[in-house]
Amino acid sequence: MTFMMKNVSYSMKQGGQYRPILKNINLSAAAGEFVSIIGKSGTGKSTMLKLACGLEKPDEGEILIQNEPSVPGAAGYMPQKDLLLPWRTVMDNLLLSPEVQMQKKEKRKEAEALLERVGLSAFEKAYPHELSGGMRQRIAFLRTLLTGKEVLFLDEPFGALDAMTKKDMHQWMAALWRELNKTIVLVTHDLHESVFLSDRIIVLHPSGETEEIMVQLQRPRETYLSPEITELINTLESRITHESYQSIF
Ligand SMILES: Nc1ncnc2c1ncn2[C@@H]1O[C@H](COP(=O)(O)OP(=O)(O)OP(=O)(O)O)[C@@H](O)[C@H]1O
């Protein structure tokens, strides 16, 4: 497995007391796999990603990226907010990460090629405020890609986009993922998005338990709500709200 979380538990200090957030989590992704994490708000999805990429340490358990303990920088991470620096151009934003800065010359060439590949070359010298929301998210994703990591953790990258732009982004992401053969773990609230993009979907319950649903739809997938897609979305919705997974804490 390219990414693995084994028996991970994590609690957080809230109001002077530690409260368990994640309990005994087991999660993995094989090389080139696309895995989504869904679940009610506050169940700990973003926390799971921060643990996965080494930004937080678990109370118990083990987290491995390509068979090595996860440390910051072992994987690519795209946080919820795109965090493009407003005073830097698109190119300068792309070259921002410390690991990219170390090989700036090669990475600039790679960045140019990536911009070309996704049709954004004309915006190399633009500033973030000159871009649409969808473009900003594309640039933020390219910045994560430029780190050259095999495993990428994406926290709700399309959450703030309107429905039409989101649909375009889903197709864009699906095509790019297929082409680049990266391992992607995505947190999302959008069930259609999880079905459209994923090989496997993990439902994180308020109890801290997880449940796994395989998506066996052929690729490339329909962008409209076909009966198969609708059925899967309904299944996911019923799993998220399932009675037997009420909080045990
Ligand atoms: N800095 C913090 N200090 C204390 N508690 C926190 C902190 N950040 C998050 N939490 C708590 O940890 C729990 C999990 O938060 P997290 O953001 O991981 O959930 P989530 O499933 O990603 O939520 P959402 O879907 O709303 O983004 C929540 O109950 C939240 O209140």
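Laboratory data are not the source of any read-out in this text; all were calculated from the coordinates shown. Small disclaimer: the values here were computed from a predicted structure and weren't measured. Positions of Cβ are backbone-derived with ideal geometry, glycine not excepted, and every protein chain shown enters the neighbour counts.
How many percent of DSSP beta bridges within the chain run antiparallel, rounded to 5? Given both bridge residues lie in the chain, the antiparallel proportion sits at roughly 55 percent.
For each of V215, V185, count neighbouring Cβ atoms within 10 Å of the residue's Cβ, then give the residues from fewest to most. Walk me through the numbers on the way to the answer.
Details: V215 21, V185 28.
The fewest-first ordering by Cβ neighbours comes to V215, V185.
Here is the list for the range 28-89: trypsin sites (Lys or Arg not before Pro) lying in DSSP coil, each with at most 16 other C-beta atoms within 10 angstrom of its C-beta, are K40, K81, R88. Close amide H contacts of G32 (hydrogens built in the peptide plane, cut-off under 5 Å, sequence separation of 5 or more or a different chain): T183.
Let me make sure I get this right: for the range 47-194, a, b and c are the square roots of the gyration tensor eigenvalues over alpha carbons, sorted descending. Under 1.5 in a/c it's rounded, otherwise prolate if a/b > b/c, else oblate. Which is it? Oblate. Fewest-first ordering of H242, H170, H189, H129 by other beta carbons within 10 Å of each residue's beta carbon gives H129, H242, H189, H170.
Step through the table entries K57/K109; K6/K50; K50/K149; K13/K81; K45/K167; K81/K167, compare each Cα-Cα distance with 27 Å, and write down the pairs that go over it. Beyond 27 Å: K57/K109. Here the range 1-131 yields Rg over Rh of 1.05, to two decimals, using C-alpha coordinates and the Kirkwood radius. For the range 88-97, 3J(HN,Hα) computed residue by residue from phi via the Karplus equation (6.51, -1.76, 1.60; θ = phi - 60°) reads 10, 5, 3, 4, 5, 5, 5, 9, 6, 4 Hz, glycine and proline entered as x.
What does the C-alpha gyration tensor say about the overall shape of the range 125-183? Classify as rounded when a/c is under 1.5, otherwise prolate if a/b is larger than b/c, or oblate. Note, shape of the range 125-183 comes out oblate.
Shape class of the range 6-58 from the alpha-carbon gyration tensor: prolate, with a/c at 1.5 or above and a/b greater than b/c. Normalising by residue count, the range 76-148 has a Cα convex hull of 80 Å³ per residue. With Cα atoms as the point set, the radius of gyration and Dmax of the chain evaluate to 18.3, 55 Å. Can you give me the angle between helix 163-180 and the longest principal axis of the chain, using Cα atoms only, in degrees from 0 to 90, rounded to the nearest 10? For 163-180 against the chain, the angle is about 80 degrees. In terms of surrounding Cβ atoms within a 10 Å radius of their Cβ, M91, M102 rank from fewest to most as M102, M91.
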